[in-house]
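The values are calculated or read from the model by the stated rules, or taken from the named source; none is laboratory data. Please read these numbers as outputs of a predicted model, since none were measured by experiment. All Cβ positions, glycine included, derive from the backbone under ideal geometry; neighbour counts span all protein chains shown.
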Amino acid sequence: MKTLESQGLCGFLFESFNDCEELRHVFGARNDSDLGNLAYSGERDRKAAFAARSVWSQYLNTNAESWVVGGQTHSANVAVVTEKDRGRGALAPTEVIPDTDGLFTTCRNLPMYVAVADCSAVLLHAPGALAVVHGGWRGLAKGILGQTLKHFQNQGCALEQLRIGIAPCMQAASYEVGPEVAESCPDAAKYRGRDDRWQVDIAKWAAADLHAAGIQQNQIETSGLDTGTDTRLFSHRRQGEGAGRNGLIALLV
């Protein structure tokens, strides 16, 4: 991913989408401070979060009042977003699309957002279609990426048309888990740690699920950044309950 700065905030871009004229996106981050939080939940400063949303909206040539937000519950639920959903969750968390961890659309100029602070944020694009996904281990174990791919196929998109980006998330060296998590994780994304513990890589887990569904490696860009160690990124595990949230925002134009 490429680092960028806008009005004092730090963000990242997937470089593999550089030539995609119908897509705009950014992954907003922490800027090595607590500036940049994008989430309203958890008693965070909503005024500051809206200001950060406004910075990235200006960068994307949209507005923060139009964002579409899902009420993330670590589910495998993917909502089809249309013009009638414009602004859902943009100003208040009570207005989000409930129990939704993936957002899919074919609408133009409709910004969609997912919040993360160790889980994966996954961007999926094919001509005329876009999705953003919150993929923590529970959602990945439930098959959220496979569910998302079905929406593209239902629109007539062939899997080989897709380009996919996996944003910064928790890498194996930082993510120790118990057997209840490891048993759901693909072998390619885990290794044994101490005693009965395991080390799990969320980005590799997401990539393994995509490969199993028929996506090729050359269709996927992975950030290579670890929320567990990179202080430019918010991390729930590193910072605790009070951690802010990074966020992936994307729209078709």
Mind counting the residues in the stretch 86-137 that are on the phi > 0 side of the Ramachandran plot and surrounded by fewer than 20 Cβ atoms within 10 Å (Cβ to Cβ)?
4
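Provide a single number: the residues in the stretch 62-86 that are of a type outside the set (A, V, I, L, M), within 17 Å of LEU252 (Cβ to Cβ) and without any contact (Cβ under 8 Å) to a residue 60 or more places away in the chain.
Our first condition is that a residue be of a type outside the set (A, V, I, L, M); within the stretch 62-86, this holds for 62-63, 65-67, 70-75, 77, 82-86.
Narrowing further to those that are within 17 Å of LEU252 (Cβ to Cβ): 62-63, 66-67, 82-86.
From what is left, the residues that are without any contact (Cβ under 8 Å) to a residue 60 or more places away in the chain are 63, 66, 82-86.
Residues that pass the stated criteria total 7.
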Kindly indicate the residue of the stretch 14-45 that is of a type in the set (Asp, Glu) and within 28 Å of THR94 (Cβ to Cβ) and also nearest to the chain's Cα centre (by Cα) among those meeting that condition.
ASP34
Would you mind telling me which numbered condition in (1) over 19 Å from the mean Cα position of the chain (by Cα); (2) crowded, with 17+ Cβ neighbours inside 10 Å GLN58 fails?
(2)
Quick check on my filter: what residues within the stretch 175-218 are under 22 Å from GLU160 (Cβ atoms) and free of Cβ contacts under 8 Å to residues at least 24 places away in the same chain?
ALA188, ALA208, HIS211, GLN217, ASN218
Sole residue being closer than 28 Å to GLN155 by Cβ and in contact with a Gly (Cβ under 6 Å, 6 or more places away or on another chain), chosen from ASP85, ASP19, ASP101
ASP101
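Each row is one residue, and each column tells you yes or no for (1) closer than 30 Å to ALA189 by Cα; (2) touching a Pro at 6+ places or on another chain (Cβ under 7 Å); (3) modelled with pLDDT under 95; (4) of a type outside the set (S, T, N, Q).
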site	(1), (2), (3), (4)
ALA90	no, no, no, yes
THR94	no, no, yes, no
THR100	yes, no, no, no
THR106	no, no, no, no
LEU110	no, no, no, yes
ASP118	yes, no, no, yes
LEU124	yes, no, no, yes
GLY128	no, no, no, yes
Within the bounds of the stretch 64-85, is there any residue that is surrounded by fewer than 20 Cβ atoms within 10 Å (Cβ to Cβ), modelled with pLDDT under 95, among the charged types (D, E, K, R) and at negative phi?
no
CYS157 fails exactly one of (1) more than 20 Å from VAL132 (Cβ to Cβ); (2) assigned to a loop (DSSP other than H, G, I, E, B); (3) of a type outside the set (Val, Ile, Thr), namely (1)
Among strands (runs of 3 or more DSSP E) lying entirely in the stretch 59-153, which contain 2 or more residues that are farther than 22 Å from ALA39 by Cβ?
120-126
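Taking the stretch 225-253 as the search range and keeping residues that are small (Gly, Ala, Ser) and at pLDDT below 95, which one is nearest to ALA158 (Cα to Cα)? Explain how you work it out, then say what you get.
Our first condition is that a residue be small (Gly, Ala, Ser); within the stretch 225-253, this holds for 228, 235, 240, 242-244, 247, 250.
Remaining after also requiring at pLDDT below 95: 240, 242-244.
Details: GLY240: 41, GLY242: 41, ALA243: 39, GLY244: 37 Å.
Here the answer is GLY244.
Are any residues in the stretch 156-172 over 23 Å from PHE14 (Cβ atoms) and either touching a residue at least 60 places away in the same chain (Cβ under 8 Å) or hydrophobic (A, V, I, L, M, F, W, C) (or both), and if so, which ones? Walk me through it before giving the result.
Of the stretch 156-172, the ones over 23 Å from PHE14 (Cβ atoms) are 156.
Residues satisfying the conditions do not exist here.
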